[in-house]
Amino acid sequence: MGSSLGRLVQMLSAGFSNQQQAFDNPPLYAHILVKFRPMPQLQPGSLLLEQSYAINPAAPYRIRVLRAERQNGQNGGKLIIHNQALADDQRFWGAVDNPELRQQIQLSDLKPLEGCAYEVREESGGFIGEVEPGCRCLVERKGAVSYLVSRLELDPQGMRTLDRGHNPQTHEHLWGSLAGPFEFSRTDDYSSEVPQAWLQAWES
């Protein structure tokens with residue numbers, strides 16, 4: 001069955017859409033596309049994430065490089081997904097579907113996002129991840145700084161995400177879904193792009 005880290009990276013390496021949810025509840029949910037693709041030229045476990053509105057997929061509103069690892073490299077350690085921004089990220093818009101552009105992304109382009117790693121556990125054939133504790137994942141939205149509380153649920157059928165922003169002083173809820181998580185179905189499978197060398201190293 002391989003390692004849990006390998007299963008996590010393979011399950012994440014996919015395309016997702018919440019089309020059905022958006023059609024069923026248009027006032028509450030926009031139609032969003034999410035894609036994760038392995039990046040063999042970077043450290044093992046690195047995935048390019050692009051998140052966009054379906055009406056304008058060429059201009060993603062979120063582009064990141066995630067890196068999944070097992071903390072301390074030991075079987076008993078936690079699974080962690082590090083969150084990294086891209087310097088001058090518009091250079092790489094569309095790279096998730098453009099192998100040549102994707103190949104141009106190098107370690108020097110990445111900016112770690114402090115406090116924004118996900119702690120992940122394997123559960124019921126899938127994975128559940130939450131932003132690390134400490135209220136340190138700060139984001140600016142509509143001119144105000146808030147800290148991010150985020151949860152990710154991943155299984156073979158799809159993905160559920162819930163992001164909310166809170167006031168760093170009062171912890172008041174400032175933004176994010178009040179209607180519940182976004183429900184994404186799996187639309188593409190990129191797991192075959194995960195380098196075999198990564199999977200073999202994680203099993204050893």
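Here are the numbers for this structure:
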{"item": "Filter pass, I55 being at pLDDT 95 or above, surrounded by fewer than 21 Cβ atoms within 10 Å (Cβ to Cβ), out of contact with any Pro (no Cβ under 9 Å at 6 or more places or on another chain) and under 23 Å from I128 (Cα atoms)", "result": "no"}
{"item": "Residue check, Q74 at pLDDT 95 or above, over 11 Å from the mean Cα position of the chain (by Cα), polar (S, T, N, Q) and under 22 Å from Q200 (Cβ atoms)", "result": "no"}
{"item": "Among (1) crowded, with 19+ Cβ neighbours inside 10 Å; (2) without any contact (Cβ under 8 Å) to a residue 40 or more places away in the chain - the single one L79 does not satisfy", "result": "(2)"}
{"item": "Check on L66, over 21 Å from S185 (Cα atoms) and either surrounded by fewer than 20 Cβ atoms within 10 Å (Cβ to Cβ) or modelled with pLDDT of 95 or more (or both)", "result": "no"}
{"item": "Residue among P112, P99 that is loosely packed, with under 12 Cβ neighbours inside 10 Å, of a type outside the set (A, V, I, L, M) and at pLDDT 95 or above", "result": "P99"}
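The values are calculated or read from the model by the stated rules, or taken from the named source; none is laboratory data. Note that the coordinates shown come from a computational prediction; the quantities given were computed from them, not determined experimentally. All Cβ positions, glycine included, derive from the backbone under ideal geometry; neighbour counts span all protein chains shown.
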